[in-house]
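A.B. asks: Please read through the structure below; I'll follow up with questions.
Rule-based calculations on the coordinates, nothing more; no lab input. All of these numbers come straight from a predicted model, not from anything done at the bench. Every residue, glycine among them, receives a Cβ derived from its backbone with ideal geometry; neighbour counts consider all protein chains shown.
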Amino acid sequence: MLTLDDIRGYIAGLGEYNMVYIGKMDNKREHSIGVYPRKASGQPVTALGGPQYSSYDIRRISLLIHWDKDVRASEQAAYELFEKLRNVSSLMIGDTHVNQISLKVPEPQPVGTDDNGVYEYVIWLDFVYQRK
């Protein structure tokens, strides 16, 4: 299983992202990223014969880029992370092989500002990973 904490560690390792959170962002500090599970619909990945025969699974994730009061800096940070994710050529997270990162939005989506005027962007993505 690919956990939120596994993905949090991977995102933190992509660059100078010192504040990457799961669950709840700690006091919503500027220059931070939240890693959240994304609601899914449909059926689970199941091969003929049952789930024990499925070779892969999917972890649906939403990244919240909570960056800066400057919209330009916030947009740049969101696009830099998006490009890093789009250009991954092979990936192991811990001992889990990730077959594909499937971006579910064409670009980071602006979601406005929080109560303190900090600009936020969202990136939706799926991690398609090898089951163990």
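A.B. asks: Provide the gained length on full extension for the span Tyr56 to Glu107, in nm with one decimal, where the gain is 0.36 nm per separating residue minus the Cα-Cα distance. If you can, show how the numbers build up before the last one.
C.D. replies: Values: separation 51, 0.36 × 51 = 18.36 nm, distance 2.60 nm.
Extending this stretch completely gives an extra 15.8 nm.
A.B. asks: Pick out, from Ser54, Val88, Val118, the residue whose Cα sits farthest towards the positive end of the charge dipole of the chain, with +1 on the Cβ of Lys and Arg and -1 on the Cβ of Asp and Glu.
C.D. replies: In the chain, that residue is Ser54.
A.B. asks: Using alpha carbons only, how many degrees (0 to 90, rounded to 10) separate the axis of helix 71-86 from the longest principal axis of the chain?
C.D. replies: 20
A.B. asks: Follow-up. May I ask you to order 91-98, 22-29 by the average number of other C-beta atoms within 10 Å around their residues, highest value first?
C.D. replies: Details: 91-98: 14.2, 22-29: 12.8.
Ranking, from highest mean packing down: 91-98, 22-29.
A.B. asks: Within straight cross-link reach of Lys39, meaning Cα distance under 23 Å, which lysines are found once same-chain residues fewer than 8 apart are removed?
C.D. replies: Lys24, Lys28, Lys104
A.B. asks: In the set (i) 15.1; (ii) 20.2; (iii) 15.6, which value of Kirkwood radius over Cα pairs in Å was calculated from the structure you see?
C.D. replies: Given (i) 15.1; (ii) 20.2; (iii) 15.6, the calculated one carries the label (iii).
A.B. asks: Any idea what the relative contact order of the chain is, in percent, if you count C-alpha pairs under 8 Å spaced at least 6 apart?
C.D. replies: 26
A.B. asks: Among 81-90, 52-61, 39-48, what's the highest-first ranking by average C-beta atoms within 10 angstrom per residue? Walk me through the numbers before you get to the answer.
C.D. replies: On the way: 81-90: 12.5, 52-61: 14.7, 39-48: 8.5.
The packing order, highest mean first, is 52-61, 81-90, 39-48.
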